């Protein structure tokens, strides 16, 4: 029997309804699939995390929707160890904080203890410490920029920066006898004065370093690939930088002109003429530019320090708190007793609480010391700039692409030895 037009219409409508229903079910399934997010562990063994840092990333496609940093893989309990060590015995442990700038770590710790003791170093001793700190700043920034450039694909820059760091290590070896973990500073001074010929070699390094830095500048600063990977990526506003407690180049990269060498001068920094570079946009590129300019300013400080290097003693003269000369120990019972007491009991520190913060390459490295008297601290707390700077990661990474994570981490320039302590 022939099908009527009305029946055809009914069949067509039913078919359309069935197709629509099937399509709706398909769309719901697809939407569910798109809505699923991927959890990805970046680290703790990953070259771009610059150490044992683990970041648990939640991804929607290539976009980061959540980032959860997991630190503590390198925790060694430095602060607790300090409670069972004499003040000078803890100096080698400070080398292992930011192990790219051990000379600066030593100085920051010694200045904190000297503040507790009420000591002030002679002029020559202060200048030697300033030289040590600025050498450490150049060395740390060179590695930071070299590794950062390699993270985003510029291999050649890494070779240039390590060549210059090798020259600094040669100077460190001449000054301290060690290349990496120097333990050069002591509470109350240094282990030795500047060796013969050191200032000449340092001056030669300063003259040769600036042309090398200009070459690195030429390779990176206007490189199209580097600009695309770093400009407008990982932007930290001025307000956020302050709110999250950032310090050092990461704070200044966001346009905040704060540097403890000028804001709260210590050693003899007040005698030097230097500028504080700051960024405009607070992105990865600005943080790179700030570190490049800081190295130029460090060379400027070093040249002034060499030119105006004072004569005189390098250590605090406090007979009761200083080890006597070995010859006198062998010849005098009183000196032998004095030596024995200092070695076994340590410095006779007064009771009290002090905090001292120094402008380290990574930011403000601070030491809080609570003393109840005697040769060991009752409590020691380290304000690690790398730890504080990393705290902004959950806010900073959210909304960025997965590939931008490497550039953002490199621009923050952290060290996990200092972060975990």
Distance in nm between label sites at residue 193 and residue 120, each 7 Å beyond Cα in the beta-carbon direction?
2.3 nm
Expected sort for 301, 191, 225 with the fewest Cβ neighbours (10 Å cutoff) up front is 225, 191, 301
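With a cut-off of 8 Å between alpha carbons and a minimum separation of six or more residues, what is the relative contact order of region 159-233 in percent? Walk me through the numbers before you get to the answer.
Details: 31 pairs, mean separation 20.1, N = 75.
Computed value for region 159-233: 27 percent relative contact order.
How large is the helix-only mean residue ellipticity at 222 nm for the chain, computed as the sum of -39500 (n - 2.57) over DSSP H runs with n ≥ 4, divided by its residue count, in deg cm²/dmol to the nearest 500? Working shown, then result.
Working: 18 runs with 220 residues, N = 421.
That calculation yields -16500 deg cm²/dmol at 222 nm.
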Relative contact order for region 50-184: what percent, with Cα pairs under 8 Å and sequence separation of 6 or more?
20 percent
Of 406, 235, how do they rank once you tally other Cβ atoms within 10 Å and put the fewest first?
235, 406
Normalising by the residue count of region 47-420, find the relative contact order in percent from Cα pairs under 8 Å and 6+ residues apart.
29 percent
To test your reading of the geometry: what angle, between 0 and 90 degrees and rounded to tens, separates the Cα axis of helix 333-345 from the longest principal axis of the chain?
10 degrees
Taking 0.36 nm per intervening residue step and subtracting the Cα-Cα distance, what contour gain separates residue 401 from residue 311 on full extension?
26.8 nm
If I fit a long axis through the Cα atoms of helix 155-176 and take the longest principal axis of the Cα atoms of the chain, what angle between them do I get, 0 to 90°, rounded to 10?
20 degrees
When N is the residue count of the chain, what does its C-alpha Rg come to as a fraction of 2.2 N^0.38 Å?
1.30
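As a footprinting exposure proxy, order 309, 412, 213 by other Cβ within 10 Å, with the fewest listed first. Could the numbers behind the result be given before it?
Values: 309 14, 412 25, 213 22.
Going from sparsest to densest Cβ surroundings: 309, 213, 412.
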Rounded to the nearest 10 degrees, what's the angle between the helix 123-151 long axis and the longest principal axis of the chain, both from Cα atoms, 0 to 90?
20 degrees
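Is the shape of region 329-398 best called rounded, prolate or oblate, per the rule: a/c under 1.5 gives rounded, else a/b larger than b/c gives prolate, else oblate, with a ≥ b ≥ c the square roots of the Cα gyration tensor eigenvalues? Provide the component values of the computation, followed by the final result.
Values: a/c = 4.64, a/b = 3.07, b/c = 1.52.
It is prolate, given that a/c is not under 1.5 and a/b is the larger ratio.
Taken together, the values in this text are just the output of simple stated rules run on the coordinates, not laboratory data. Please read all numbers here as calculations on a predicted model, not as lab measurements. Positions of Cβ are generated from backbone atoms using ideal geometry, with glycine treated the same way; all protein chains shown enter the neighbour counts.
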